2 protein chains.
Amino acid sequence: MTGELKETKKDDENVVYIGTKPFMNYVTSVIMQFTKNANKEVIVKARGKFISRAVDVVEVARKRFLVNQIEIKHIKIDSEEFENKEGRKVNVSTIEINLVKK
Amino acid sequence: MTGELKETKKDDENVVYIGTKPFMNYVTSVIMQFTKNANKEVIVKARGKFISRAVDVVEVARKRFLVNQIEIKHIKIDSEEFENKEGRKVNVSTIEINLVKK
């Protein structure tokens, strides 16, 4: 288990799930959500080892690209239980970073 | 660069820096800060790839050990610039998770 989230949910249009794609793909997604789609709020989500990457994505987006345009509204951490391939229950940590236009 | 923080600051007694030690060391540190030292607030800090680990530590501490005793007061993410061995300026993301007694 890598902890990567599937990117299938249709109604989560303002959510960017962080996984194994090239880093800048996610930064671009965040920027596009704010500019092209004119969203007022974008949520960056990640699980497990991708949590560090989610923080990197947010930091690059807000400090290098959308300078003084967005801010962090709220950060939530949690954990989920799921069964791995061997049928064992394991916990994975999650993060949700809510970004809003200034 | 691993992004690991040095654990040298004497006046940061209620701070737990997450690095490469065994996982449960950090969970134990958080619990000890709250119980033995009777601190009302403990701050878990990490940089770079250790951010995911910091979230894991907090989740295990509050959901498996200090159940219903502590809560997350605030989470802050940021980034710092530093020079690596080759003299290049690189950015590293940081996280601070403030835990308080309920």
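Filtered by the rule that a residue be surrounded by 15 or more Cβ atoms within 10 Å (Cβ to Cβ), charged (D, E, K, R) and assigned to a loop (DSSP other than H, G, I, E, B), segment A:11-55 gives a lone residue, A:Lys49. When A:Val57 is tested against (1) within 20 Å of B:Arg47 (Cα to Cα); (2) modelled with pLDDT under 95; (3) of a type in the set (A, V, I, L, M, F, W, C), exactly one condition is not met: (2). Residues in segment A:65-72 include at least one that is within 11 Å of chain B (Cβ to nearest Cβ) and either within 14 Å of the chain's Cα centre (by Cα) or at pLDDT 95 or above (or both). Restricting attention to segment A:83-102, the residues that are farther than 20 Å from B:Lys49 by Cβ and without any contact (Cβ under 8 Å) to a residue 60 or more places away in the chain add up to 7. For segment A:35-86, what are the residues that are within 17 Å of A:Phe23 (Cβ to Cβ) and of a type in the set (S, T, N, Q)? Hit for segment A:35-86 is A:Ser52, nothing else. Inspection of segment B:56-64 identifies at least one residue that is part of a helix (DSSP H, G or I), within 9 Å of the chain's Cα centre (by Cα) and surrounded by 21 or more Cβ atoms within 10 Å (Cβ to Cβ). Scan segment B:48-55 and tell me whether some residue there is within 14 Å of another protein chain (Cβ to nearest Cβ), within 10 Å of the chain's Cα centre (by Cα) and aromatic (Phe, Trp, Tyr). Yes, segment B:48-55 has at least one match. Among the numbered conditions (1) among the polar types (S, T, N, Q); (2) modelled with pLDDT under 95; (3) within 23 Å of B:His74 (Cα to Cα), the only one that A:Ser52 does not meet is (2).
In summary, A:Phe82 fulfils each of the numbered conditions (1) modelled with pLDDT of 95 or more; (2) out of contact with any helix residue (DSSP H, G or I) (no Cβ under 8 Å at 6 or more places or on another chain); (3) in a strand (DSSP E or B) with the single exception of condition (1).
Within segment B:33-42, is even one residue within 14 Å of another protein chain (Cβ to nearest Cβ) and of a type outside the set (Ser, Thr, Tyr)? Scanning segment B:33-42 turns up no residue that is within 14 Å of another protein chain (Cβ to nearest Cβ) and of a type outside the set (Ser, Thr, Tyr). Annotation: A:Thr2 fulfils all but one of (1) surrounded by 13 or more Cβ atoms within 10 Å (Cβ to Cβ); (2) within 14 Å of chain B (Cβ to nearest Cβ); (3) modelled with pLDDT under 95; the unmet one is (1). Every test in (1) surrounded by 12 or more Cβ atoms within 10 Å (Cβ to Cβ); (2) in a loop (DSSP other than H, G, I, E, B) is passed by B:Leu99 save one, and that test is (2).
The values are calculated or read from the model by the stated rules, or taken from the named source; none is laboratory data. A quick note: this is a predicted structure, and the numbers were derived from the prediction, not measured. Every residue, glycine among them, receives a Cβ derived from its backbone with ideal geometry; neighbour counts consider all protein chains shown.
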